[in-house]
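One structure is given below, encoded as structure tokens.
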Amino acid sequence: MRLIFKNNIIYSMPILDDLSQGSRIAYIRQFRNLSQDDVSDSLGLTGECKRRTMTRYESGERTPKEERLRELSKILLTNINMIKVYDFKSESDLVYLLLWLEIKYPNLRIDIDTKNEKFDNFLKVWKEMRLKYQIGKIKLKDYIEWKLTYEYGEW
């Protein structure tokens with residue numbers, strides 16, 4: 001966790017270790033102030049080692065199957081595209097990777113101009129949201145919440 005001070009407000013934010021699926025799941029779980037036990041309970045896991053499944057997902061030892069991924073996205077209140085494995089066979093994978101890149105590298109600025117209307121619209125909306133955050137119209141948590149729930153395309 002890291003502390004961020006902005007507009008006289010202190011935020012405790014998780015740290016995104018890398019861009020792997022497991023790190024993204026862990027980041028969102030921490031952002032939502034959930035423990036691995038909380039998520040395990042919501043998934044209906046039982047037994048002494050119920051947390052082991054979440055530990056393995058977050059460490060990358062295991063990859064959640066599609067149905068489990070859908071359950072996780074509901075529990076974590078996020079768009080499934082934020083936690084899926086990216087294969088870059090669709091432009092939506094690039095969109096969600098860009099959103100994660102900015103979380104990992106907060107000073108990163110992407111300024112791309114394409115001929116793809118849908119993608120250009122995403123970039124415009126993203127730029128507007130980033131500006132709202134930068135000038136203090138929305139809080140950091142609201143900006144990240146927007147990213148976690150943004151729907152560009154369905155998986």
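Some points to look at:
- Counted residues, region 15-59 - those being outside any helix (DSSP H, G or I), over 17 Å from the mean Cα position of the chain (by Cα) and not hydroxyl-bearing (Ser, Thr, Tyr): 6
- Residue 62 being part of a loop (DSSP other than H, G, I, E, B), open to solvent by 30 Å² or more (accessible area, probe 1.4 Å), within 19 Å of residue 25 (Cα to Cα) and basic (Lys, Arg): yes
- Residue match in region 86-97 (condition: open to solvent by 60 Å² or more (accessible area, probe 1.4 Å), touching a residue at least 60 places away in the same chain (Cβ under 8 Å) and either more than 21 Å from residue 17 (Cβ to Cβ) or not in a loop (DSSP other than H, G, I, E, B) (or both)): yes
- Condition check for residue 75: β-branched (Val, Ile, Thr) and within 26 Å of residue 118 (Cα to Cα): no
- Residues in region 131-148 that are open to solvent by less than 30 Å² (accessible area, probe 1.4 Å) and either farther than 20 Å from residue 97 by Cβ or assigned to a loop (DSSP other than H, G, I, E, B) (or both): 140 only.
- Selection within region 98-130 - at pLDDT below 95, more than 21 Å from residue 28 (Cβ to Cβ) and either among the acidic types (Asp, Glu) or part of a helix (DSSP H, G or I) (or both): 111, 113, 117, 118, 119, 120, 121, 123, 124, 127
- Residue check for residue 151: under 17 Å from the mean Cα position of the chain (by Cα), surrounded by 12 or more Cβ atoms within 10 Å (Cβ to Cβ) and not hydrophobic (A, V, I, L, M, F, W, C): no
- The set of residues in region 65-85 being open to solvent by less than 50 Å² (accessible area, probe 1.4 Å) and in contact with a Leu (Cβ under 9 Å, 6 or more places away or on another chain) consists of 72, 75, 76, 78, 79, 80, 82, 83, 84.
- Consider region 40-59 and keep the residues that are among the polar types (S, T, N, Q) and open to solvent by 50 Å² or more (accessible area, probe 1.4 Å). The one that is farthest from residue 79 (Cα to Cα) is 46.
- Which listed residue is of a type outside the set (Asp, Glu) and more than 22 Å from residue 34 (Cα to Cα), from 75, 112, 83, 103: 112
The values are calculated or read from the model by the stated rules, or taken from the named source; none is laboratory data. From a predicted model like this one, the values you see are computed outputs, not experimental measurements. For neighbour counting, all protein chains shown are included, and Cβ atoms are generated from backbone atoms with ideal geometry for every residue, glycine included. SASA here: full protein model, heavy atoms, side chains in, ligands and nucleic acids out. Shrake-Rupley method; radii C 1.70, N 1.55, O 1.52, S 1.80 Å.
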